[in-house]
Amino acid sequence: MTHRDLELMANTIREDIVKMLVEAGSGHSAGPLGMADVFTALYFEVMNHRPKQPDWAERDRLFLSNGHIVPVLYATMAHAGYFPIKELMTLRKFGSRLQGHPERVRLPGIETTSGPLGSGLSQAAGHAYALRMNGSRSRVYCLTGDGELDEGNIWEGMMWAAKNHLSNLTVIVDRNNIQIDGNTEIVMPLGDLSKKWAAFGWHVIEIDGHNMDAIISACNLSKAVTESPTVIIAHTIPGKGVDYMEYDYHWHGIPAGLVDVPGAPKKADQAKVALHELRTLGGRIRSEHE
Ligand SMILES: Cc1ncc(C[n+]2csc(CCOP(=O)(O)OP(=O)(O)O)c2C)c(N)n1
Ligand SMILES: [Mg+2]
């Protein structure tokens, strides 16, 4: 796929995220919309995987540590061919394979159960260590939130991964500057994240998390680092693509259409406005059918 096609795929994934959350009547909007470009790059360009053979031993693994952004993972997996796209509309329904936080044993292709923040990096590091012991060439990609870095276990995992020179591990931090109740620098300042990860022994790359070339280059570069694990700090816009959601932490954990939020359309119009914006790429194309 060309990078332009990848950008369009990310936009389609954003539309599906809005639709599935509206259908569920609950769930997280900001993080999933912000990470659609990164997930598209991973599943359509970077990772070595087989959607029709999710347990393929030589696959690269994706550990979603910030489990609440799983709508973007489900939507990307469906478009990559893991399961039918129409199943996305079962999100959060009783008995569905697509729960509000991912469960490894429910849906083939999910590598770890998550939701409780802070555990995924340690799990990913352990898995990377085991792969190396087995002589595997597979890589592990671990996704974390920035607010999630407030969890102490993350920093233990960072030390352990660096100590063991886990160069087959790439962490991608969603640096969107929001968390559940506010902006990260107000709730718990993270300061200079690059310097912190570097001080813990990691190779650090900082990118614009909406720039397809930058995402793909950073992931490829991480494959060439041999002495340490790599962290990609991806600067993203929470709620990306839906103007009234962008940068606003109130959209961390609600879908369009549930509540009136200052600065947003009335709740009855939120879904329609969001989908129209995504379909017209924020007014960059004139009609939804162009
Ligand atoms: C151990 C734990 N504590 C609290 C929560 C509740 N919680 C879910 S998401 C979230 C905010 C995390 O911030 P960030 O990782 O930046 O996610 P974003 O808001 O950017 O999507 C919190 C506190 C949780 N899931 N797990
Ligand atoms: Mg965040």
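The values are calculated or read from the model by the stated rules, or taken from the named source; none is laboratory data. Model, not experiment: these values are computed from the prediction. Positions of Cβ are generated from backbone atoms using ideal geometry, with glycine treated the same way; all protein chains shown enter the neighbour counts.
Any residue that is within 16 Å of ligand 2 (Cβ to nearest atom) and surrounded by fewer than 20 Cβ atoms within 10 Å (Cβ to Cβ) - is there at least one of those in the range 128-150? Break it down stepwise before answering.
We begin by selecting, within the range 128-150, every residue within 16 Å of ligand 2 (Cβ to nearest atom); these are 142-150.
Applying the additional criterion that residues be surrounded by fewer than 20 Cβ atoms within 10 Å (Cβ to Cβ) yields 150.
Looking for residues that are within 16 Å of ligand 2 (Cβ to nearest atom) and surrounded by fewer than 20 Cβ atoms within 10 Å (Cβ to Cβ), one finds at least one in the range 128-150, hence yes.
Counting just the residues of the range 17-42 that are of a type outside the set (Val, Ile, Thr) and surrounded by fewer than 24 Cβ atoms within 10 Å (Cβ to Cβ), which one comes out nearest to the chain's Cα centre (by Cα)? Let's see the steps before the verdict.
Start the filter on the range 17-42 by keeping residues that are of a type outside the set (Val, Ile, Thr), which leaves 19-21, 23-37, 39, 41-42.
Filter once more, keeping what is surrounded by fewer than 24 Cβ atoms within 10 Å (Cβ to Cβ): 19-20, 23-27.
Values: Lys19: 18, Met20: 16, Glu23: 21, Ala24: 19, Gly25: 21, Ser26: 18, Gly27: 15 Å.
For the range 17-42, the residue satisfying everything is Gly27.
Within the range 196-247, count every residue that is among the aromatic types (Phe, Trp, Tyr) and either surrounded by fewer than 16 Cβ atoms within 10 Å (Cβ to Cβ) or in contact (Cβ under 8 Å) with a residue 60 or more places away in the chain (or both). Before the answer, list the steps.
Here is the first cut: in the range 196-247, the residues among the aromatic types (Phe, Trp, Tyr) are 197, 200, 202, 244, 247.
Right, trim to either surrounded by fewer than 16 Cβ atoms within 10 Å (Cβ to Cβ) or in contact (Cβ under 8 Å) with a residue 60 or more places away in the chain (or both) and you get 247.
Matching residues across the range 196-247 total 1.
With (1) closer than 20 Å to Ala234 by Cα; (2) within 16 Å of ligand 1 (Cβ to nearest atom); (3) free of Cβ contacts under 8 Å to residues at least 60 places away in the same chain; (4) touching a Ser or Thr at 6+ places or on another chain (Cβ under 6 Å) as the list, and Val70 as the residue in question, which single condition is left unmet?
All conditions are met except number (4).
Any residue that is of a type in the set (Gly, Ala, Ser) and part of a helix (DSSP H, G or I) - is there at least one of those in the range 241-262?
In the first step, residues of the range 241-262 are kept if they are of a type in the set (Gly, Ala, Ser); the result is 241, 253, 256-257.
Going one step further and asking which of them are part of a helix (DSSP H, G or I), we end up with none.
No.
What residue, of Asn177, Asn153, is on the phi > 0 side of the Ramachandran plot, of a type outside the set (Gly, Ala, Ser) and near ligand 1 (Cβ under 10 Å from one of its atoms)?
Numbers: Asn153 fails: on the phi > 0 side of the Ramachandran plot.
Among Asn177, Asn153, only Asn177 is on the phi > 0 side of the Ramachandran plot, of a type outside the set (Gly, Ala, Ser) and near ligand 1 (Cβ under 10 Å from one of its atoms).
Name the residue that is nearest to ligand 2 (Cβ to nearest atom), counting only residues in the range 255-272 that are hydrophobic (A, V, I, L, M, F, W, C) and surrounded by fewer than 19 Cβ atoms within 10 Å (Cβ to Cβ). Write out each step before concluding.
To start, the set of residues in the range 255-272 that are hydrophobic (A, V, I, L, M, F, W, C) comprises 256, 258-259, 261, 264, 268, 271.
From the residues that got through so far, the ones that are surrounded by fewer than 19 Cβ atoms within 10 Å (Cβ to Cβ) too are 258-259, 261, 268.
Values: Leu258: 20, Val259: 20, Val261: 18, Ala268: 28 Å.
If we take residues in the range 255-272 being hydrophobic (A, V, I, L, M, F, W, C) and surrounded by fewer than 19 Cβ atoms within 10 Å (Cβ to Cβ), then Val261 is nearest to ligand 2 (Cβ to nearest atom).
Return the residue satisfying two criteria in turn: it lies in the range 168-191 and is of a type in the set (S, T, N, Q) and in a strand (DSSP E or B), and of such residues it is farthest from ligand 2 (Cβ to nearest atom). Spell out the reasoning first.
The initial filter retains those residues of the range 168-191 that are of a type in the set (S, T, N, Q), namely 168, 170, 176-177, 179, 183-184.
Next, only the ones that are in a strand (DSSP E or B) stay: 170, 179, 183.
On the way: Thr170: 19, Gln179: 5, Asn183: 9 Å.
Here the residue is Thr170.
Quick check, is Pro238 closer than 20 Å to Ala36 by Cβ and within 16 Å of ligand 2 (Cβ to nearest atom)? Before the answer, list the steps.
On the way: closer than 20 Å to Ala36 by Cβ: yes; within 16 Å of ligand 2 (Cβ to nearest atom): yes.
In short, yes.
Residue by residue, here is whether (1) under 17 Å from the mean Cα position of the chain (by Cα); (2) on the phi < 0 side of the Ramachandran plot holds:
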site: Gly209; (1), (2): yes, yes
site: Thr226; (1), (2): no, yes
site: His235; (1), (2): yes, yes
site: Gly239; (1), (2): yes, no
site: Val259; (1), (2): no, yes
site: Ala264; (1), (2): no, yes
site: Ala268; (1), (2): no, yes
site: Lys272; (1), (2): no, yes
site: Ile285; (1), (2): no, yes
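Only residues that are modelled with pLDDT under 95 and touching a strand residue (DSSP E or B) at 6+ places or on another chain (Cβ under 9 Å): list them for the range 248-289, please.
Those that are modelled with pLDDT under 95 and touching a strand residue (DSSP E or B) at 6+ places or on another chain (Cβ under 9 Å): none in the range 248-289.
Quick one: which of Ala218, Ala214, Ala198 is farther than 19 Å from Leu42 by Cβ, modelled with pLDDT of 95 or more and either basic (Lys, Arg) or more than 12 Å from ligand 1 (Cβ to nearest atom) (or both)?
Ala198
Please determine whether any residue of the range 157-165 is under 18 Å from the mean Cα position of the chain (by Cα) and within 16 Å of ligand 1 (Cβ to nearest atom). Break it down into steps so the answer makes sense when it comes.
Filtering the range 157-165 for residues under 18 Å from the mean Cα position of the chain (by Cα) gives none.
Among the residues of the range 157-165, not one is under 18 Å from the mean Cα position of the chain (by Cα) and within 16 Å of ligand 1 (Cβ to nearest atom), which makes the answer no.
I'd like to check which helices (runs of 4 or more DSSP H) are fully inside the range 1-116 and have at least 1 residues that are at pLDDT below 95. Give the derivation first.
Working: elements: 3-24, 30-34, 36-41, 70-80.
The qualifying helices (runs of 4 or more DSSP H) are 3-24.
List the residue pairs whose Cβ atoms are under 7 Å apart, where the first residue sits in the range 1-23 and is within 18 Å of Gly34 (Cβ to Cβ), the second is modelled with pLDDT of 95 or more and of a type in the set (S, T, N, Q), and the two are 6 or more positions apart or on different chains.
Every condition considered, the pairs that remain are Leu6/Thr40; Met9/Thr40; Ala10/Thr40; Ile13/Thr40; Ile13/Thr76; Leu21/Ser29.
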